[in-house]
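Structure, as structure tokens:
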């Protein structure tokens, strides 16, 4: 007796549903706000530690594999400046930078969260815009946070504030917050890991 072919034959609509269901399993940050926690020794996105790469003088470097685990593959990769490759997740407004010369050669040494979609005419690139929240030294920072609203708290936690004629910044250790020129809007937060 011959067994009937029991292979599942999907109709076109069933195949589409199956494909879309599979896509939902992939890393995706568009469905929920992204949570980033930054300290001098740690960078976490949605609870995943990014500073799990090689050890450096200032702690561990960033792991591209860890970033891809939570963000998926970078949407753009390009060379910027002298000796830097940028991996950019434009839908998240998150960038990391890998050195390809000097002491940071082969290591991801810089993490950036962009609150404003900035256009770099030299590179012909957009930064993308972060839509979640950043936890930094007990401060909650979102795209709607103004610099003046956190200035006092930044000073209390040890950030040194510089009011330059072109930009306002707050720096503590390897973490810096920048405004959009001299406006009150936060442009980006950077954390160096070298």
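The values are calculated or read from the model by the stated rules, or taken from the named source; none is laboratory data. Keep in mind that this is a model prediction, so the values were computed, not measured. We place every Cβ from the backbone using ideal geometry, glycine too, and count neighbours over all the protein chains shown.
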Being at pLDDT below 95 and surrounded by fewer than 17 Cβ atoms within 10 Å (Cβ to Cβ) is the filter; apply it to region 48-63 and report the residue that is nearest to the chain's Cα centre (by Cα).
-> 52
Report yes if some residue within region 64-86 is surrounded by 20 or more Cβ atoms within 10 Å (Cβ to Cβ) and closer than 25 Å to residue 185 by Cα; otherwise report no.
-> yes
Which of the residues belonging to region 148-161 are surrounded by 11 or more Cβ atoms within 10 Å (Cβ to Cβ) and under 17 Å from residue 185 (Cα atoms)?
-> 149, 150, 151, 153, 154, 161
When residue 135 is evaluated against the numbered criteria (1) surrounded by 15 or more Cβ atoms within 10 Å (Cβ to Cβ); (2) in contact with a strand residue (DSSP E or B) (Cβ under 7 Å, 6 or more places away or on another chain), which criterion, by number, is the only one it fails?
-> (1)
Of the residues in region 162-173, those that are closer than 20 Å to residue 135 by Cβ and in a strand (DSSP E or B) number 4
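Each row is one residue, and each column tells you yes or no for (1) under 22 Å from residue 43 (Cα atoms); (2) surrounded by 13 or more Cβ atoms within 10 Å (Cβ to Cβ); (3) at pLDDT 95 or above; (4) touching a strand residue (DSSP E or B) at 6+ places or on another chain (Cβ under 7 Å).
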site: 121; (1), (2), (3), (4): no, no, no, no
site: 124; (1), (2), (3), (4): no, no, no, no
site: 130; (1), (2), (3), (4): yes, yes, yes, yes
site: 141; (1), (2), (3), (4): yes, yes, yes, yes
site: 185; (1), (2), (3), (4): no, yes, no, yes
site: 190; (1), (2), (3), (4): yes, yes, yes, yes
Within region 28-89, which strands (runs of 3 or more DSSP E) (wholly inside it) include 1 or more residues that are over 17 Å from residue 193 (Cβ atoms)?
-> 35-38, 76-80, 84-89
Do the conditions hold for residue 178, that is, is it at pLDDT 95 or above, closer than 23 Å to residue 71 by Cα and either part of a helix (DSSP H, G or I) or under 16 Å from the mean Cα position of the chain (by Cα) (or both)?
-> no
Select from region 163-175 the residues that are modelled with pLDDT under 95 and surrounded by fewer than 17 Cβ atoms within 10 Å (Cβ to Cβ) and write down the one among them that is nearest to residue 61 (Cα to Cα).
-> 167
Restricting to region 87-119, what's the tally of residues that are surrounded by fewer than 16 Cβ atoms within 10 Å (Cβ to Cβ) and over 23 Å from residue 185 (Cα atoms)?
-> 6
Inside region 86-105, can you point out the residues that are in contact with a strand residue (DSSP E or B) (Cβ under 7 Å, 6 or more places away or on another chain) and over 20 Å from residue 46 (Cβ atoms)?
-> 86, 97, 98, 99, 100, 105
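Regarding residue 150, is this residue touching a helix residue (DSSP H, G or I) at 6+ places or on another chain (Cβ under 9 Å) and either farther than 24 Å from residue 48 by Cα or assigned to a helix (DSSP H, G or I) (or both)?
Against the criterion (touching a helix residue (DSSP H, G or I) at 6+ places or on another chain (Cβ under 9 Å) and either farther than 24 Å from residue 48 by Cα or assigned to a helix (DSSP H, G or I) (or both)), residue 150 does not qualify.
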